[in-house]
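All remarks here apply to the structure that follows.
The values are calculated or read from the model by the stated rules, or taken from the named source; none is laboratory data. Please read all numbers here as calculations on a predicted model, not as lab measurements. As a convention, Cβ positions derive from the backbone with ideal geometry for all residues, glycine included, and neighbour counts pool all protein chains shown.
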Amino acid sequence: MRLGIIGLPRAGKSTIFEALTKSKADAARKGEDRIATVRVPDRRVDVLSSMYQPQKTIYAQVEYFLPGAVSHPTADSKDQKIWTAVRDCDALIHVVRNHAGFGFEETTPEHDFIQLDQELMLADLVVVEKRLERLELDHKRGKPLNPEEHALLLQCRQNLENETPLRRTPEVASAPLLRGFAFLTAKPQLVLFNNADDDEHLPEATALAAREDCMVIRGKLEQELAQMNGEEVADFLVEFNIAASAMDRVIQRSYALLGLISFFTLGEDEIRAWTITKGTPAVEAAGVVHTDMQRGFIRAEVVSFDDLTDAGSHATARKKGTVRLEGKTYEVQDGDIINFRFNV
């Protein structure tokens, strides 16, 4: 999972990136793109590793991407290169400033959100118009027009001209024919209000909170927390009433936003967590582990995490009848432990 961090200048994007990834600022690389991969905290992986003592324990991973400092295009600009770098992200984390400070103007979180969202819509509209122009030109030259793609693009243009992000119409946003365009406003978006150290509350932006997935992060505080370890962390969490780190909370919300779940594979050498979309059939989940498993799929031997830990071992779980065989169309559930049977 790759998450792109966006926001207006001075929203606190670098602070949030460092809070989420436990990385430190590097003055020598200021203005460059920043990428960091963090493991997804999962208590179930810890428990399984303790039970089976494998040589390797591999957690699922999340990649955070922060584009380098670039000037934002004006509202009527056709130069939208700033957004090229985040088009291959699975979702966007939109950082909105909600704190005062020396040299800062008054906070206007809802206005700031709308301003950047309009930039995203303009960037998508440029892509749509270029593609429609190409399709219509090819049609005049005798090339057959794909009516479904054409209709979808016209719907996109209508939405965007009406200042409606494509994520508002899931059937359009998720259409397979549009996947290659990587539309920015079709991506799931998590709005992070970057608050002051002593402010745990959402801003008064009722309309925004009603239509977007929003959460608060005390960026500077969480940035400091990310650099601590051991007893320092425990004391800090209590003092500032933080139930879980920003990294844990944002990953959890990102998984929910994208409809992601985890399943696990066990072996003597390795225990591993795999990330898939909710509703993925067993045969496709097998392909995430290895293409040969999908190609030669026979059955999936499945036991839930809860049933396995209640039983204490695979052998006991089998005796209790909680280990079962499933076919290709079985929808993998969050926390399933799977052994794929295959033959190639």
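Out of the stretch 247-267, which residues are part of a strand (DSSP E or B) and either among the polar types (S, T, N, Q) or under 17 Å from the mean Cα position of the chain (by Cα) (or both)? Steps first, please.
We begin by selecting, within the stretch 247-267, every residue part of a strand (DSSP E or B); these are 260-266.
Residues satisfying the conditions are LEU260, ILE261, SER262, THR265.
Among ARG141, ARG157, ARG131, which is the only one that is in contact with a Phe, Trp or Tyr (Cβ under 9 Å, 6 or more places away or on another chain) and farther than 22 Å from ARG249 by Cβ? Before you say what the answer is, go through the steps one by one.
On the way: ARG141 fails: in contact with a Phe, Trp or Tyr (Cβ under 9 Å, 6 or more places away or on another chain); ARG157 fails: in contact with a Phe, Trp or Tyr (Cβ under 9 Å, 6 or more places away or on another chain).
The unique qualifying residue is ARG131.
Of all residues in the stretch 299-315, which are surrounded by 14 or more Cβ atoms within 10 Å (Cβ to Cβ), at pLDDT 95 or above and out of contact with any Ser or Thr (no Cβ under 6 Å at 6 or more places or on another chain)? Explain how you work it out, then say what you get.
Step one: filter the stretch 299-315 for residues surrounded by 14 or more Cβ atoms within 10 Å (Cβ to Cβ), giving 299-305, 307-309, 311, 314.
Now restrict to residues that are at pLDDT 95 or above: 299-305, 307-309, 311.
Once the filter is applied, which keeps residues that are surrounded by 14 or more Cβ atoms within 10 Å (Cβ to Cβ), at pLDDT 95 or above and out of contact with any Ser or Thr (no Cβ under 6 Å at 6 or more places or on another chain), the stretch 299-315 yields ARG299, ALA300, GLU301, VAL302, SER304, PHE305, LEU308, THR309, ALA311.
Restricting attention to the stretch 204-255, report how many residues are over 19 Å from PRO109 (Cα atoms) and of a type in the set (D, E, K, R).
9
Where residues in the stretch 234-246 are among the hydrophobic types (A, V, I, L, M, F, W, C) and under 23 Å from the mean Cα position of the chain (by Cα), which of them is surrounded by the fewest Cβ atoms within 10 Å (Cβ to Cβ)?
Quick first cut of the stretch 234-246, residues among the hydrophobic types (A, V, I, L, M, F, W, C) only: 234, 236-238, 240, 242-244, 246.
Now restrict to residues that are under 23 Å from the mean Cα position of the chain (by Cα): 242-244, 246.
Working: ILE242: 17, ALA243: 7, ALA244: 12, ALA246: 22.
Ranking the qualifying residues of the stretch 234-246, first place goes to ALA243.
Being over 23 Å from the mean Cα position of the chain (by Cα) and either closer than 26 Å to ARG87 by Cα or free of Cβ contacts under 8 Å to residues at least 40 places away in the same chain (or both) is the filter here; which residues of the stretch 26-69 pass it?
First, the residues of the stretch 26-69 that are over 23 Å from the mean Cα position of the chain (by Cα): 26-31, 47-56.
If the condition is that a residue be over 23 Å from the mean Cα position of the chain (by Cα) and either closer than 26 Å to ARG87 by Cα or free of Cβ contacts under 8 Å to residues at least 40 places away in the same chain (or both), then ASP26, ALA27, ALA28, ARG29, LYS30, GLY31, SER50, GLN53 are the ones that fit.
Sort through GLU239, GLU231, GLU224, GLU204 and tell me the only one that's touching a Phe, Trp or Tyr at 6+ places or on another chain (Cβ under 8 Å) and modelled with pLDDT under 90.
On the way: GLU239 fails: touching a Phe, Trp or Tyr at 6+ places or on another chain (Cβ under 8 Å); GLU231 fails: touching a Phe, Trp or Tyr at 6+ places or on another chain (Cβ under 8 Å); GLU204 fails: touching a Phe, Trp or Tyr at 6+ places or on another chain (Cβ under 8 Å).
Only one candidate qualifies: GLU224.
Look at the stretch 20-43 and say how many of its residues are in a helix (DSSP H, G or I) and out of contact with any strand residue (DSSP E or B) (no Cβ under 7 Å at 6 or more places or on another chain).
Residues of the stretch 20-43 that are in a helix (DSSP H, G or I), as a first pass: 20-21, 27-29, 43.
Next, only the ones that are out of contact with any strand residue (DSSP E or B) (no Cβ under 7 Å at 6 or more places or on another chain) stay: 27-29, 43.
Total meeting the criteria: 4.
Name the single residue that is nearest to GLU129 (Cα to Cα) among those in the stretch 139-176 being under 28 Å from the mean Cα position of the chain (by Cα) and of a type in the set (Asp, Glu).
GLU161
Taking ALA207 and the conditions (1) surrounded by 13 or more Cβ atoms within 10 Å (Cβ to Cβ); (2) more than 19 Å from the chain's Cα centre (by Cα), which numbered condition does it fall short on, given that it satisfies the others?
Condition not satisfied by ALA207: (1).
Against the conditions (1) touching a strand residue (DSSP E or B) at 6+ places or on another chain (Cβ under 8 Å); (2) crowded, with 20+ Cβ neighbours inside 10 Å; (3) not aliphatic (A, V, I, L, M), where does ASP269 fall short? Just the number, please.
Result: ASP269 passes all but (2).
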